[in-house]
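Reading through the structure tokens given below for one structure.
The values are calculated or read from the model by the stated rules, or taken from the named source; none is laboratory data. Since we're looking at a predicted model, the values are computed, not measured. Note: ideal-geometry Cβ built from the backbone for every residue, glycine included; neighbour counts use all protein chains shown. Ligands, DNA and RNA are stripped out before the accessible areas are found, and what is left, the full protein with its side chains, is counted by its heavy atoms. Shrake-Rupley method; radii C 1.70, N 1.55, O 1.52, S 1.80 Å.
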Amino acid sequence: MTPTLPAAMSDALFALTLALLVLSPLTIAGIALINTGLGRSRSASQSLLGNLAIVAVTAIVFAIIGSVFAGSLPGGAGHIFHMAGKPWNWLGSGPLLMRGLDSAPAQSQLGLVFEFMAVALAALIPWGSGADRWRLVAGCSTAAVVAAFIFPLAAHWTWGGGWLAQLNANFGTGANFVDAGGAGTVHVLGGLCALAVIWITGARRGKFPKEGFSTAMPGHNAAYVLFGCMVCLVGFLAWNLAGAILWMNATPATLPRTAINTLLCGSAAIAATFAVTSIRFGKPDASLCANGWMSGLVASTACSTLVSPAAALFIGVVAGIATPLLVEVLELALSIDDPSGAISAHLIAGLWGLAAAGIFAPQHGQMLAQFVGIATLLGVFLPLLFFVLLLLNRFVPFRVDADGERIGMDLHELGGGAYPEFVIHRDESYR
């Protein structure tokens, strides 16, 4: 299970970790601004309300159901089956409705708070990918499913003493799968959910004409997007530091390196994206630079505690170069309409961060453990999410009707727009 805090530092680390967890929702606020800014102006209110509603739904559902399966609080040995002579701890067995929270060990209480923030962010990532055509009730229903069953499974395997956290003891890999900041459990999971949502809802009307070209549909407010990136920096710093303490048993002496590596990953990534877009388009692209910044921060969540500052710079550069190129490939070659860029900035960057944690970590066997975790995320959760959401779509249709998409999600679902004093012109594709 999770390690205990050193007795001499218990009170100090508890206060520090709690303070960091209070700051971590700034990541959620930043993602909300980015989701809204990269969408259309006629869907801005629905987007922000959806962000709030998804956070609320995940909190309620995780408290009632998800925390039991995640095994966030001590309550049982978990559900274990034996295969090939090895124990596979695949599901938690915590107390219902978080009974015994006050008497639980300090680290278990803090870990539960961390998971509340993590499940909210994981469910929020696909909301931006379904912008301008994903119904609010469908987004909330998806968030409920993720919070009840999907996220708890990943969280238990990674943080709750599940089989990925016991790879070395059971399978002799030399190390256990590590994901202190949630690169896999939050960002890869959220990115896979975004991919499933895009497959199910389809592209926005007019995005891919019959001739096979891609129509540019830029976000309506770059200021929201860039300010959201700055807000995310504070949240990611808090997130990575709290995760290092909770899941890596980090000491205070190692925390400055974690913070520096987080900043270096994001900084190197945006610098690389700035250079790539300047060379490719003649001028830097604001939205792609924002996605590059996010990809660097996301990659840092897996490796900021494990790698050197030099490695963090390299990891950020790779993420920043890959992001704009992947956005182009996904849109032009694969016809994937992802307004928020979640697949490149969260899914791919999260996978790269997990791999980099194994490549650059000093511990022998870490690379093997990380690639086992990556294979599990892709092999188990991608098909699971797709089929669960495909089934959900039959009962709660994801996509708004054509008229609702034409007039905008604000008017269709909320009865009013975010900018009533401005005239919103129609797109050429609707004429």
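A dipole drawn for the chain from +1 and -1 charges on Cβ atoms has a positive end, and of L241, P420, V178 the residue lying farthest that way is V178. Calculated FRET efficiency, L414 to S308, Cβ-Cβ distance, R0 = 51 Å: about 0.55 to the nearest 0.05. Per residue, region 243-394 exposes an accessible area of 39 Å² to a 1.4 Å probe, with every protein chain left in place. Available extension along the chain between A29 and S103 is 23.5 nm, counting 0.36 nm per residue and deducting the alpha carbon span. Among 214-223, 40-49, the peptide with the highest mean count of other Cβ atoms within 10 Å heads the list, and the full ranking is 40-49, 214-223. Of the trypsin sites (Lys or Arg not before Pro) found in region 157-224, those in coil by DSSP whose Cβ has at most 10 other Cβ atoms within 10 Å are K210. Spread over its residues, the convex hull of the C-alpha atoms of the chain is 142 Å³ per residue. Estimated purely from DSSP H runs of n ≥ 4, each contributing -39500 (n - 2.57), the mean residue ellipticity at 222 nm for the chain is -18500 deg cm²/dmol once divided by its residues.
Taking label positions 7 Å along the Cα-Cβ direction at both S214 and R280, the computed distance is 0.8 nm, reported to one decimal.
Of P152, P397, P324, the residue with the greatest mean-square motion in the GNM of the chain, using alpha carbon springs below 10 Å, is P397. Positive-end ranking of A196, L96, V225 along the dipole of the chain, with charges on Cβ about the Cα centre, is headed by A196. With loop defined by DSSP as not H, G, I, E or B, and exposure as at most 16 other Cβ atoms within 10 Å, which is the longest segment of the chain clear of exposed GluC sites (Glu not before Pro)? Longest gap between qualifying sites, sites excluded: 1-210.
For the chain, modelled as a GNM with alpha-carbon contacts under 10 angstrom, which of L23, L334, L112 fluctuates the most? The residue that fluctuates most here is L334.
Taking A165, A275, A143 in turn, the Gaussian network model of the chain (Cα-Cα springs below 10 Å) assigns the largest fluctuation to A275. Once the Cα atoms are used to define both axes, helix 366-376 deviates from the longest principal axis of the chain by about 50 degrees. The alpha carbons of region 301-431 stretch over 59, 35, 28 Å along the principal axes, in descending order. Each Cα pair under 8 Å and six or more residues apart adds its sequence gap; the mean of these over the residue count of region 160-314 is a relative contact order of 28 percent. With R₀ fixed at 45 Å, the C-beta to C-beta distance from A402 to V380 puts the FRET efficiency at about 0.80. Modelled label positions at A223 and M83, each set 7 Å beyond Cα in the direction of Cβ, lie 5.4 nm from each other.
Can you compute the FRET efficiency between D11 and V137 using 1/(1 + (r/R0)^6), with r the Cβ-Cβ distance and R0 = 41 Å? Round to the nearest 0.05. It comes to 0.35. Rolling a 1.4 angstrom probe over the chain with all protein chains present gives an accessible area of which 70% lies on carbon and sulfur atoms. When exposed loop sites are taken as chymotrypsin sites (Phe, Trp or Tyr not before Pro) in a DSSP loop with at most 14 other Cβ atoms within 10 Å, the longest stretch of the chain clear of them is 1-212.
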